[in-house]
Amino acid sequence: MDYYKILKLNKTCTDDMIKASYRKLALKYHPDKNQTIEAQENFVLIAEAYDVLSDPQKKAVYDNYGYDGLKRGVPGREGYEGYHGGYCFHKDANKIFYDFFGGDNPFSDFFTPDKGDKWNTENIDENEKDINENGIEKVMFGRKFGGLHGMKKTMNGIMKIKKNPPLEKELEITLEQLYNGAIKCVKIERKILNEDGITTSTETKKLTINIKKGYKEGTKIIFPNLGDQSPDTFPADIVFILKEKPHEIFKRKGNDLYYHVNVSLLKALTGTVVEIKTLDNRLLRVPVNEIICPNYKKEVPNEGMPISKTPNKKGSLFITFTLEFPTYFSENQKSLIKQAFENKPNKTQTAQE
């Protein structure tokens, strides 16, 4: 096992370099941040490597006799009496982590109780606006910083690193985009840690947002851990919340669409055809042969919004009507209307016709 390789160091490294490398890698692979099995294994290996290389006696044995010599021990060598039985790492990796950050922190001068950094985005198109999030609370390591905001203590006394709250931003989407699906691209600027694990630089990152057919207003699209990186907190999630723009023609209710039309009294009584340009640019012709009464709704199945979980299915389209009454009838017209209503056929006559 190559402890130097595990800590990404060479044999000429100094104590400060060993500490800096452990600090960076321990934060990267800590189970609270990275819960994969590989990360947990790396976290333990990093702790073991630091346990050996940070101890002058163990490091001397390892440098002179290698990993096998450290494990077997070096009997008879003056100065190495403690290793007659060989070295076996049996410490708790979390305990080493706590001792490192909770005790004398060699990097404490870099930690200041300031507020978080700003988030900025650049518009890709007219529908995408800036993200700007201020005042992210920082968490400080170490007992020397007792009483600072954001520090949490677990039952075993270990200081737990806090994750910044999500950065949420509304993203306006047209009804056409929610109906047909769309791809939105947003640029963000965020701070990322440099190789030293302490200082930061600015990175411009392009996020691709997949708007699936049938998504509803309020749907959250989450980009985990893409907030600002800092030495003492985990990056926040970036969350885009869909906001539906009002449509000029259609109104959405759940998976259904509503379309309103004005109709003359003549057409309401004798029938009509409603022509509708759909959200996917089809011309839909809906015959209405029923008598249109006030509050009447015509349902057209499978012409509503796609259902996101089953996009091959759709809700219904409902057509609502406002009746337009004539403002004047001549006496002759009134007489004809009366005759029409007084001589209305019975159901048998209607069926025969």
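The values are calculated or read from the model by the stated rules, or taken from the named source; none is laboratory data. Everything numeric in this text was worked out from a predicted model, so none of it was measured. So basically every Cβ, Gly included, is an ideal-geometry build from the backbone, and we count neighbours across all protein chains shown.
Kindly provide the set of residues from the stretch 50-70 that are within 22 Å of K24 (Cβ to Cβ), among the acidic types (D, E) and assigned to a helix (DSSP H, G or I), ordered by number.
D51
Identify all residues within the stretch 291-300 that are under 18 Å from Y258 (Cβ atoms) and not polar (S, T, N, Q); write none if there are none.
I292, C293, P294, Y296, K297, K298, E299, V300
Name every residue in the stretch 29-49 that is charged (D, E, K, R), part of a helix (DSSP H, G or I) and modelled with pLDDT under 90, in order of residue number. Explain how you work it out, then say what you get.
Applying the first criterion (charged (D, E, K, R)) to the stretch 29-49 yields 32-33, 38, 41, 48.
If we keep only those that are part of a helix (DSSP H, G or I) as well, we get 38, 41, 48.
The answer is E38, E41.
Could you check the stretch 210-220 and list, in sequence order, the residues that are assigned to a strand (DSSP E or B) and either touching a residue at least 40 places away in the same chain (Cβ under 8 Å) or surrounded by fewer than 17 Cβ atoms within 10 Å (Cβ to Cβ) (or both)? Explain how you work it out, then say what you get.
Pass one, the stretch 210-220, residues assigned to a strand (DSSP E or B): 210-211, 220.
Correct list: N210, K220.
Of the numbered conditions (1) in contact (Cβ under 8 Å) with a residue 12 or more places away in the chain; (2) in a helix (DSSP H, G or I), G304 fails exactly one; give the number of that condition.
(2)
When you look at E203, is it under 28 Å from E170 (Cβ atoms), among the acidic types (D, E) and not in a loop (DSSP other than H, G, I, E, B), yes or no? Even if it seems obvious, please write down each step before you answer.
Details: under 28 Å from E170 (Cβ atoms): yes; among the acidic types (D, E): yes; not in a loop (DSSP other than H, G, I, E, B): yes.
Here the answer is yes, as E203 does meet what is asked.
Does G197 count as modelled with pLDDT of 90 or more, outside any strand (DSSP E or B) and at positive phi? Spell out the reasoning first.
Numbers: modelled with pLDDT of 90 or more: no; outside any strand (DSSP E or B): yes; at positive phi: yes.
Against the criterion (modelled with pLDDT of 90 or more, outside any strand (DSSP E or B) and at positive phi), G197 does not qualify.
To keep it simple, each residue is scored yes or no on (1) among the polar types (S, T, N, Q); (2) within 28 Å of L178 (Cα to Cα); (3) part of a helix (DSSP H, G or I).
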{"residue": "G227", "(1), (2), (3)": "no, yes, no"}
{"residue": "P246", "(1), (2), (3)": "no, yes, no"}
{"residue": "V263", "(1), (2), (3)": "no, no, no"}
{"residue": "A268", "(1), (2), (3)": "no, no, yes"}
{"residue": "P294", "(1), (2), (3)": "no, no, no"}
{"residue": "L323", "(1), (2), (3)": "no, no, no"}
{"residue": "T327", "(1), (2), (3)": "yes, no, no"}
{"residue": "Q333", "(1), (2), (3)": "yes, no, yes"}
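So T199 fits all but one of (1) closer than 30 Å to E299 by Cα; (2) in contact with a helix residue (DSSP H, G or I) (Cβ under 9 Å, 6 or more places away or on another chain); (3) among the polar types (S, T, N, Q); what number is the exception?
Unmet condition: (1).
Given the conditions (1) touching a Leu at 6+ places or on another chain (Cβ under 9 Å); (2) assigned to a strand (DSSP E or B); (3) closer than 30 Å to K313 by Cα, which single one is not true for R190?
(3)
Looking at S330, S316, S264 in this structure, which one is modelled with pLDDT of 90 or more, among the hydroxyl-bearing types (S, T, Y) and surrounded by fewer than 11 Cβ atoms within 10 Å (Cβ to Cβ)? Don't jump to the end; show me each part of the working.
On the way: S316 fails: surrounded by fewer than 11 Cβ atoms within 10 Å (Cβ to Cβ); S264 fails: surrounded by fewer than 11 Cβ atoms within 10 Å (Cβ to Cβ).
Going through S330, S316, S264 in turn, the sole match is S330.
Given the conditions (1) modelled with pLDDT under 95; (2) closer than 18 Å to F318 by Cβ, and given that T272 satisfies all but one, which numbered condition is not satisfied?
The number of the failed condition is (1).
With (1) among the aliphatic types (A, V, I, L, M); (2) assigned to a strand (DSSP E or B); (3) at pLDDT below 90 as the list, and I337 as the residue in question, which single condition is left unmet?
For I337, the failing item is (2).
So which residues in the stretch 16-44 are among the aliphatic types (A, V, I, L, M), within 13 Å of A93 (Cα to Cα) and free of Cβ contacts under 8 Å to residues at least 12 places away in the same chain, if there are any at all? Before you say what the answer is, go through the steps one by one.
Looking only at the stretch 16-44, we keep the residues that are among the aliphatic types (A, V, I, L, M), and these are 17-18, 20, 25-27, 37, 39, 44.
With within 13 Å of A93 (Cα to Cα) added as a condition, the list becomes 25-27, 39, 44.
Within the stretch 16-44, A39 is the sole residue that qualifies.
With the structure loaded, tell me whether F325 is more than 36 Å from the chain's Cα centre (by Cα) and outside the structural domain of Y179 (by TED's automatic domain parsing) or whether it fails that test.
Values: more than 36 Å from the chain's Cα centre (by Cα): yes; outside the structural domain of Y179 (by TED's automatic domain parsing): yes.
Yes, satisfied.
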